[in-house]
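Below is one structure, written out as structure tokens; comments come after it.
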Amino acid sequence: MRLQHQHDCLFCVVDLHAITQPYEPGTLPQRTLDMAIGLFASGIDPQRAIVFVQSHVPEHTELYWLLNTVTPLGELERQTQFKDKAQRQESVPAGLLNYPVLQAADVLLYEATLVPVGEDQLQHLELMREITRRWNARFADGFAFPEPQALLSTARRVLGLDGRAKMSKSLGNTIGLFDSPETIWEKLKPAATDPARVTRKDPGNPDICNIFTIHQGFSPPDTVTHVAHNCRTAGWGCLDCKRVLADNMIAALTPIRERAQALQAEPRKTIDLLRSGAAKARGIARRTMAEVRRRMGLLEGGQGAEGA
Ligand code: SF4
């Protein structure tokens, strides 16, 4: 939320990325809408930031294709996330391999200079920078893409409730923004903790406990200190620790859930906001694509009717 007050921000609901995993077409529109509702309910202000759906700006897929022509196949095959996801699928779609190229298009289309990422996305960002350098080396002539930089989160990496993989709905290890207080508690109760803490009397190590990491995101600093002390001295059980976390999560998420419920009751409002966001994004994207097409030698005229 803070970033929208410090930078010109674009927030893109990446439905085209979502379909690189097995999915149900009938539920995708609602999932896309829910993601946008989550952004607005969390405090993204459509007057300050541009919020839109990726597939509503067709220039993303056009630039994606053009960037494919300068992207080395070996680099795509080396991406850890591709290897992880590919081994979970019987038949691997090319879209999964080319996922980072679409990410590059998402960023370069707006000549973005900063990309907020977690550590797990750094490899994709480095590839994005390589694609940028390759395109610039081959085609830049009065117009060049800026090399995007990572804006790393200061928060430690939060894993899913299983304490192993990152949070992912498909793995069923998440707490959702719209989850009720009861659901949050039901999900937290069995969540993974320090595996060495077997009984209530064993001292734990908060530094290797995912519950402690989540505390750092939701609990005030004095509570975090108290949690670490109680953990190391076996002053309380993991369930006591999780109860405090659940209360703090519920306090933080309840206003978001209530705003989301109001938006869900009137989906038209969000759809209109997304339409307006897509119009603003397209204004920028068309200007970029006019430069890109010219530099890459594509015959002008095809986009003339749209004023590109
Ligand atoms: Fe984790 Fe809290 Fe249990 Fe310590 S007491 S292992 S921080 S859940």
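The values are calculated or read from the model by the stated rules, or taken from the named source; none is laboratory data. Note that the coordinates shown come from a computational prediction; the quantities given were computed from them, not determined experimentally. Please note: Cβ atoms are built from the backbone with ideal geometry, for glycine as well, and neighbour counts cover all protein chains shown. Just the protein is used for accessible areas: all its heavy atoms, side chains included, with ligands, DNA and RNA removed. Shrake-Rupley method; radii C 1.70, N 1.55, O 1.52, S 1.80 Å.
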Can you tell me the accessible area per residue over the range 1-134, all protein chains present, probe 1.4 angstrom, in square angstrom?
-> 50
Excluding ligands, DNA and RNA, the carbon-plus-sulfur percentage of the accessible area of the chain with a 1.4 Å probe reads 54
Compute the FRET efficiency between Asp240 and Tyr23 as 1/(1 + (r/R0)^6), taking r as their Cβ-Cβ distance and R0 = 41 Å, and round to the nearest 0.05.
-> 0.55
Can you give the net charge of the other residues whose Cβ lies under 12 Å from the Cβ of Thr132, counting K and R as +1 and D and E as -1?
-> 0
How big is the convex hull of the Cα atoms of the range 75-206, per residue, in Å³?
-> 160
Kirkwood-based shape ratio for the range 160-199, expressed as Rg/Rh from alpha carbons = 1.01
Efficiency by 1/(1 + (r/R0)^6): what FRET value for Arg259 and Ala86, r their Cβ-Cβ distance, R0 = 35 Å, to the nearest 0.05?
-> 0.40
Rg and Dmax [Cα atoms of the chain; Å; Rg one decimal, Dmax integer] = 22.0, 75
Treating only Lys and Arg (+1) and Asp and Glu (-1) as charged, each at its beta carbon, one finds that the range 169-263 has a dipole about its Cα centre, in Debye to the nearest 20, of 160
Quick one: of Lys187/Lys242; Lys166/Lys201; Lys85/Lys242; Lys83/Lys166; Lys169/Lys280, which pairs are farther than 22 Å apart, Cα to Cα?
-> Lys166/Lys201; Lys85/Lys242; Lys169/Lys280
Summing Lys, Arg as +1 and Asp, Glu as -1, what charge do residues with Cβ under 10 Å from the Cβ of Arg295 carry, Arg295 excluded?
-> +1
On each of the three principal axes the extent of the alpha-carbon atoms of the range 169-263, given in whole Å and largest first, is 46, 30, 19
